[in-house]
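Visitor: Have a look at the structure that comes next, please.
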Amino acid sequence: MAQRVTRARVLIEKQLEDDDTFATAQTVYDRLVAKGQHVGAATVYRNLQSMAADGKVDSVRHDGEAFYRLCKDRRHHHHVVCRRCGRAVELEIPGLEQWVGRRACSLGFSDVTHEIDIFGLCAQCRALEADHADGGSAARTQHDDSSAREPKDRTDTHFQQLA
């Protein structure tokens with residue numbers, strides 16, 4: 001069911017466009033407040049849940065919490081997400097969709113759906129943590145966003161072999 005476009009929804013969409021990372025509803029709310037925008041926390045939560053249900057944003061769950069991101073690719077896809085900064089890289093895994101369908105069918109299942117999201121530390125956050133452990137000053141600064149545009153994953157042919 002399409003949600004009507006409100007001032008709050010426009011602000012939330014703009015914030016997601018500006019961030020280009022996965023973020024919790026609380027983080028989106030905090031960023032809006034920091035910009036001086038007057039919007040209620042419950043409104044942010046409701047809008048993000050509705051936008052996810054309508055397929056307007058991607059949502060992933062990690063440690064029991066929902067994270068949201070405005071993805072450019074509206075097709076079914078998967079992500080590798082940094083646990084620290086929320087940076088995401090979209091994955092293309094050749095042969096995965098066919099393998100999942102065939103494997104589920106061989107086990108007696110039909111009308112199958114799946115979600116695969118992988119969580120870890122991006123190279124920059126890993127370097128910041130290592131620097132911080134060494135007492136360096138880099139841990140006190142934010143890393144730039146250049147690696148958010150990393151090339152799509154070049155997964156090995158494992159799933160093609162299983163297909």
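Visitor: How many residues, within segment 1-30, are out of contact with any Lys or Arg (no Cβ under 8 Å at 6 or more places or on another chain) and buried (at least 18 other Cβ atoms within 10 Å of the Cβ)?
Guide: Of the residues in that region, 6 qualify.
Visitor: Something else about it: Output the number of the condition that residue 61 fails; it satisfies all remaining conditions of (1) among the basic types (Lys, Arg); (2) in contact with a Cys (Cβ under 9 Å, 6 or more places away or on another chain); (3) under 17 Å from residue 25 (Cβ atoms).
Guide: (2)
Visitor: Going residue by residue through segment 83-106, is there one that turns out to be in contact with a Phe, Trp or Tyr (Cβ under 7 Å, 6 or more places away or on another chain), basic (Lys, Arg), not assigned by TED's automatic domain parsing to the domain that holds residue 9 and not in a helix (DSSP H, G or I)?
Guide: The answer is yes, given that some residue of segment 83-106 is in contact with a Phe, Trp or Tyr (Cβ under 7 Å, 6 or more places away or on another chain), basic (Lys, Arg), not assigned by TED's automatic domain parsing to the domain that holds residue 9 and not in a helix (DSSP H, G or I).
Visitor: Another one. Just the residues that are in a helix (DSSP H, G or I) and under 20 Å from residue 79 (Cβ atoms), please, taken from segment 27-58.
Guide: Residues satisfying the conditions are 27, 28, 48, 49, 51, 52, 53.
Table: residues versus (1) at pLDDT below 85; (2) under 16 Å from the mean Cα position of the chain (by Cα).
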| residue | (1), (2) |
| --- | --- |
| 34 | no, no |
| 47 | no, no |
| 59 | no, yes |
| 92 | yes, yes |
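Visitor: Check residue 74 against each of (1) within 15 Å of the chain's Cα centre (by Cα); (2) modelled with pLDDT under 80; (3) outside any loop (DSSP other than H, G, I, E, B) and name the one condition it does not meet.
Guide: Tallying (1) within 15 Å of the chain's Cα centre (by Cα); (2) modelled with pLDDT under 80; (3) outside any loop (DSSP other than H, G, I, E, B), residue 74 fails exactly one: (3).
Visitor: Let me spell it out: the conditions are (1) at pLDDT 70 or above; (2) in contact with a Ser or Thr (Cβ under 9 Å, 6 or more places away or on another chain), and residue 108 meets all of them except one. Which number is the exception?
Guide: That leaves (2) as the condition not met.
Visitor: Collect the residues in segment 122-155 that are at pLDDT 55 or above, surrounded by 10 or more Cβ atoms within 10 Å (Cβ to Cβ) and not in a helix (DSSP H, G or I), keeping them in residue-number order.
Guide: Matches in segment 122-155: 122, 136.
Visitor: With 159, 119 as the choices, which residue is aromatic (Phe, Trp, Tyr) and either modelled with pLDDT of 80 or more or part of a loop (DSSP other than H, G, I, E, B) (or both)?
Guide: 119
Visitor: Further question on the same structure: Report yes if some residue within segment 51-62 is more than 19 Å from residue 114 (Cα to Cα) and outside the structural domain of residue 124 (by TED's automatic domain parsing); otherwise report no.
Guide: Checking segment 51-62: at least one residue is more than 19 Å from residue 114 (Cα to Cα) and outside the structural domain of residue 124 (by TED's automatic domain parsing).
Visitor: Does residue 8 fit the bill of being in contact (Cβ under 8 Å) with a residue 24 or more places away in the chain and more than 14 Å from residue 68 (Cβ to Cβ)? If you could, list the steps in order and put the result at the bottom.
Guide: Working: in contact (Cβ under 8 Å) with a residue 24 or more places away in the chain: yes; more than 14 Å from residue 68 (Cβ to Cβ): yes.
Yes, satisfied.
The values are calculated or read from the model by the stated rules, or taken from the named source; none is laboratory data. Everything numeric in this text was worked out from a predicted model, so none of it was measured. All Cβ positions, glycine included, derive from the backbone under ideal geometry; neighbour counts span all protein chains shown.
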